[in-house]
1. Under 9 Å between Cβ atoms, which residue pairs at least 6 apart in sequence (or on different chains) link something in the stretch 87-110 that is in the same structural domain as residue 299 (by TED's automatic domain parsing) with a partner that is in a loop (DSSP other than H, G, I, E, B) and within 6 Å of ligand 1 (Cβ to nearest atom)?
2. Would you kindly identify the helices (runs of 4 or more DSSP H) lying entirely within the stretch 77-182 that contain at least 3 residues that are modelled with pLDDT of 95 or more, buried (at least 16 other Cβ atoms within 10 Å of the Cβ) and more than 16 Å from ligand 2 (Cβ to nearest atom)?
3. Any chance the stretch 237-255 includes a residue that's away from ligand 1 (no atom under 16 Å from the Cβ) and surrounded by 21 or more Cβ atoms within 10 Å (Cβ to Cβ)?
4. May I ask you to list pairs of residues, at least six apart or on different chains, whose Cβ atoms are under 8 Å apart, with the first in the stretch 288-302 being assigned by TED's automatic domain parsing to the domain that holds residue 342 and free of Cβ contacts under 8 Å to residues at least 12 places away in the same chain and the second being in a loop (DSSP other than H, G, I, E, B) and away from ligand 1 (no atom under 11 Å from the Cβ)?
5. Scan the stretch 267-293 residue by residue and report those that are buried (at least 17 other Cβ atoms within 10 Å of the Cβ) and either modelled with pLDDT under 90 or touching a strand residue (DSSP E or B) at 6+ places or on another chain (Cβ under 8 Å) (or both).
6. Answer yes or no as to whether residue 204 is within 16 Å of ligand 2 (Cβ to nearest atom) and either in a loop (DSSP other than H, G, I, E, B) or touching a helix residue (DSSP H, G or I) at 6+ places or on another chain (Cβ under 8 Å) (or both).
7. Residue 63: under 23 Å from the mean Cα position of the chain (by Cα), away from ligand 1 (no atom under 16 Å from the Cβ) and farther than 21 Å from residue 207 by Cβ, yes or no?
Ligand SMILES: Nc1ncnc2c1ncn2[C@@H]1O[C@H](COP(=O)(O)OP(=O)(O)O)[C@@H](O)[C@H]1O
Ligand SMILES: [Mg+2]
């Protein structure tokens, strides 16, 4: 990513893209890890850009090399994921929404293949052509089927170049579309009968598929047994450790809004309030062990990050430049409710009981309570 500075101002130029892919955002770290591999004489699996150890370091961090942690919570899962990408099976990441399945698949693809953009986004409208290949109709009509008139899919390109392909939200696709992958993964080749009875693309080493699937979403299809056999499954769980989640939210705020000096200060105490609210409501049990009603809305870490960013923006543009628990309270209400009356009642119950009690001897919770209470008046 270019971070050119405009000499006329002290503010850094905004990046040209809102969210460049992982291999661009973390190009420096990937280069460091490639050098590390070379120095150690590390063995690379066929078709891989980095060694498995370096891929792991890219995801979970390697402080001595200056590589940041990106995925928090379950390091053994990362190890298993890396191992399954070396094998014959694909990797399927399943779990609740907002548990970083997409992020993890992006990081793994970027580290293993140097690109995370060979991606199919599964929807109800995904067709077999999206998974296999399609045609440029003007060329098809003019010169018939040829290499030139063929429009490759991400899978086609990944096979030809030996790269990792991501298949997002695979269970949103109709079962017969999902099953297109079965023959691709078992035979590691893609027939192109239009170019001749023998015409095919054979997968080069390095090719594999990372699928992701949300378990809780509406409109999901079952995966067929045949497809399941082609993947090893990993369930990604929400972050349980409070310290980890605080650190994660802090990092993400920094990634989105810049380092601490360039945005409203977000104190540890306030972050702790935010993360505690999410963990209480997510688990259905408060830190003190009291039961609370869990909202229907998924109280994921991804939503916690959204709240933190929104609270920072509110403090910066509408407040006095310091993030307090009051901004957090207002933004939690906006995120958690999503217009659901039942969830509003649950959150209000939490505020009326748990937060009110904590507010009696803690200034931060008092701020939270004072801002949350009038929201339902
Ligand atoms: N364990 C985690 N480690 C790092 N970031 C996480 C974690 N869980 C959630 N997040 C945050 O959630 C964001 C969105 O996650 P995403 O990959 O879109 O989730 P999913 O695909 O599971 O719905 C991530 O970009 C990150 O900010
Ligand atoms: Mg996702």
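The values are calculated or read from the model by the stated rules, or taken from the named source; none is laboratory data. Computed from a predicted structure; not experimentally measured. Reconstructed Cβ throughout: ideal geometry from the backbone, glycine too, with neighbour counts over all protein chains shown.
1. That search, which allows pairs on different chains as well, returns nothing.
2. 101-113, 154-161
3. no
4. 291/284
5. Within the stretch 267-293, 270, 292 qualify.
6. Numbers: within 16 Å of ligand 2 (Cβ to nearest atom): no; either in a loop (DSSP other than H, G, I, E, B) or touching a helix residue (DSSP H, G or I) at 6+ places or on another chain (Cβ under 8 Å) (or both): yes.
No; evaluated as a whole, the condition is false for this residue.
7. The answer is yes for residue 63.
Here is a yes/no grid of residues against (1) in contact with a strand residue (DSSP E or B) (Cβ under 8 Å, 6 or more places away or on another chain); (2) surrounded by fewer than 21 Cβ atoms within 10 Å (Cβ to Cβ):
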{"residue": "198", "(1), (2)": "no, yes"}
{"residue": "201", "(1), (2)": "yes, no"}
{"residue": "208", "(1), (2)": "yes, no"}
{"residue": "233", "(1), (2)": "yes, yes"}
